[in-house]
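Scroll down for the structure; my scribbles are underneath it.
The values are calculated or read from the model by the stated rules, or taken from the named source; none is laboratory data. Please read all numbers here as calculations on a predicted model, not as lab measurements. Cβ placement follows ideal geometry from the backbone for every residue including glycine, while neighbour counts extend to all protein chains displayed. Surface accessibility is based on the protein's heavy atoms, side chains included, excluding ligands, DNA and RNA. Shrake-Rupley method; radii C 1.70, N 1.55, O 1.52, S 1.80 Å.
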Amino acid sequence: MCWMKGKGTQVWKKSGAIYEGDWKFGKRDGYGTLSHPDPETGKYRRVYSGWWKEDKKSGYGIQFFGPKDYYEGEWCGNQRSGWGRMYYSNGNIYEGQWRNDKPEGEGMLRLKNGNRYEGSWERGMKNGHGRFFHLDHGQLFEGFWVDDVAKCGTMIDFGRDEAPEPTQFPIPKVEIQDPDGVLKEAIAALMNTEDEDD
């Protein structure tokens with residue numbers, strides 16, 4: 001049996017796909033580029049350029065999903081995994097950690113209009129602590145998210161004077177007039193409940 005090793009090119013007859021790059025024991029292994037023929041023009045379109053291990057995308061690489069959708073970053077076992085940046089055709093950009101082909105961990109989503117979310121992600125959704133900058137309206141929400149929904153937090157004015165479409169009314173500042181008194185009262189109430197429990 002003859003295994004391909006070193007540098008080489010393979011063309012798949014059925015799909016017309018072409019791989020050019022490194023081989024090891026008959027599998028894509030090392031650096032290489034995978035291209036597919038465009039059904040409309042017939043010209044080859046690069047689909048993936050990067051590192052491979054045992055026939056799977058592994059290490060740093062760039063995957064093109066469409067003319068304007070592409071990912072650049074780390075891969076493991078054919079899935080986006082580690083740090084990476086995804087450019088979407090609608091103009092949005094996600095930059096951060098990935099796991100199982102989805103945003104997972106810390107990351108930032110910048111929307112086309114300039115607004116952005118910075119915080120925790122899980123299963124491709126905003127989950128955990130995060131901050132959403134509504135730069136178009138000059139506000140900042142900071143709080144806790146569950147499956148892309150803000151559950152609790154605070155909203156403050158943030159760059160409202162520079163915002164292209166500021167809200168009609170500013171958010172009023174809420175201040176405690178006697179913070180030391182409130183703290184003493186809370187401690188006293190806590191001590192009373194502890195005394196009652198004894």
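Just checking, how many residues over region 51-61 are of a type outside the set (S, T, N, Q) and open to solvent by less than 40 Å² (accessible area, probe 1.4 Å)? So that I can check it myself, show each step before the final result.
Here is the first cut: in region 51-61, the residues of a type outside the set (S, T, N, Q) are 51-57, 59-61.
Restricting the remaining residues to those that are open to solvent by less than 40 Å² (accessible area, probe 1.4 Å) gives 52, 57, 59, 61.
The qualifying residues number 4.
Of these, K68, K13, which one is within 30 Å of N115 (Cα to Cα) and surrounded by fewer than 16 Cβ atoms within 10 Å (Cβ to Cβ)?
On the way: K13 fails: within 30 Å of N115 (Cα to Cα).
K68 is the lone residue from the list that is within 30 Å of N115 (Cα to Cα) and surrounded by fewer than 16 Cβ atoms within 10 Å (Cβ to Cβ).
Considering every residue within region 165-174, establish whether at least one is aromatic (F, W, Y), more than 26 Å from Y60 (Cα to Cα), open to solvent by 60 Å² or more (accessible area, probe 1.4 Å) and assigned to a loop (DSSP other than H, G, I, E, B).
Among the residues of region 165-174, at least one is aromatic (F, W, Y), more than 26 Å from Y60 (Cα to Cα), open to solvent by 60 Å² or more (accessible area, probe 1.4 Å) and assigned to a loop (DSSP other than H, G, I, E, B), which makes the answer yes.
Given G143, G130, G91, G114, which one is among the small types (G, A, S), assigned to a strand (DSSP E or B) and under 27 Å from G73 (Cα atoms)? Show your work before the answer.
Numbers: G143 fails: under 27 Å from G73 (Cα atoms); G91 fails: assigned to a strand (DSSP E or B); G114 fails: assigned to a strand (DSSP E or B).
That would be G130, the only listed residue that is among the small types (G, A, S), assigned to a strand (DSSP E or B) and under 27 Å from G73 (Cα atoms).
Please name all residue pairs, on different chains or six or more residues apart, with Cβ atoms under 8 Å, provided the first residue is in region 23-42 and is in contact (Cβ under 8 Å) with a residue 12 or more places away in the chain and in a loop (DSSP other than H, G, I, E, B) and the second residue is surrounded by 11 or more Cβ atoms within 10 Å (Cβ to Cβ) and of a type in the set (A, V, I, L, M).
What qualifies is G26/M4.
Taking the stated definitions as given, is R80 charged (D, E, K, R), out of contact with any helix residue (DSSP H, G or I) (no Cβ under 7 Å at 6 or more places or on another chain) and open to solvent by 40 Å² or more (accessible area, probe 1.4 Å)? Even if it seems obvious, please write down each step before you answer.
Details: charged (D, E, K, R): yes; out of contact with any helix residue (DSSP H, G or I) (no Cβ under 7 Å at 6 or more places or on another chain): yes; open to solvent by 40 Å² or more (accessible area, probe 1.4 Å): no.
No, not satisfied.
Checking the structure you have, find out if any residue of region 24-38 is open to solvent by less than 40 Å² (accessible area, probe 1.4 Å) and over 29 Å from the mean Cα position of the chain (by Cα).
Within region 24-38, one or more residues are open to solvent by less than 40 Å² (accessible area, probe 1.4 Å) and over 29 Å from the mean Cα position of the chain (by Cα).
For region 97-144, give me the residue count where each residue is of a type in the set (F, W, Y) and over 15 Å from the mean Cα position of the chain (by Cα). Full working, then the answer.
Looking only at region 97-144, we keep the residues that are of a type in the set (F, W, Y), and these are 98, 117, 121, 132-133, 141, 144.
Then keep just the ones that are over 15 Å from the mean Cα position of the chain (by Cα); that gives 133, 141, 144.
The qualifying residues number 3.
Only one of (1) farther than 30 Å from N115 by Cα; (2) open to solvent by less than 80 Å² (accessible area, probe 1.4 Å); (3) not charged (D, E, K, R) is not met by Y87, so which one is it?
Result: Y87 passes all but (1).
Considering only residues that are out of contact with any His (no Cβ under 8 Å at 6 or more places or on another chain) and assigned to a strand (DSSP E or B), look in region 43-55 and name the one that is farthest from G77 (Cα to Cα). Give the derivation first.
Residues of region 43-55 that are out of contact with any His (no Cβ under 8 Å at 6 or more places or on another chain), as a first pass: 43, 46, 48-55.
Checking which are assigned to a strand (DSSP E or B) leaves us with 46, 48-53.
Numbers: R46: 20, Y48: 14, S49: 15, G50: 13, W51: 11, W52: 9, K53: 8 Å.
Once the filter is applied, the top-ranked residue is R46.
Would you confirm whether or not region 39-50 contains a residue that is closer than 20 Å to R110 by Cβ and either open to solvent by less than 30 Å² (accessible area, probe 1.4 Å) or modelled with pLDDT of 95 or more (or both)?
Of region 39-50, the ones closer than 20 Å to R110 by Cβ are none.
No: zero hits.
Looking only at region 90-118, count how many residues are among the small types (G, A, S), within 26 Å of S58 (Cα to Cα) and either surrounded by fewer than 17 Cβ atoms within 10 Å (Cβ to Cβ) or touching a residue at least 24 places away in the same chain (Cβ under 8 Å) (or both).
To start, the set of residues in region 90-118 that are among the small types (G, A, S) comprises 91, 96, 105, 107, 114.
Checking the rest, the ones that are also within 26 Å of S58 (Cα to Cα) come to 96, 105, 107.
Now drop any that are not either surrounded by fewer than 17 Cβ atoms within 10 Å (Cβ to Cβ) or touching a residue at least 24 places away in the same chain (Cβ under 8 Å) (or both), which leaves 96, 105.
Total satisfying the criteria: 2.
Being farther than 21 Å from E104 by Cβ and either open to solvent by 80 Å² or more (accessible area, probe 1.4 Å) or without any contact (Cβ under 8 Å) to a residue 12 or more places away in the chain (or both) is the filter here, so list the residues in region 123-158 that pass it.
Hits for region 123-158 are C152, T154, I156, F158.
If you check Y87, Y48, Y60, which single one turns out to be more than 19 Å from the chain's Cα centre (by Cα) and of a type in the set (S, T, Y)?
On the way: Y87 fails: more than 19 Å from the chain's Cα centre (by Cα); Y60 fails: more than 19 Å from the chain's Cα centre (by Cα).
Within the list Y87, Y48, Y60, the selection yields Y48.
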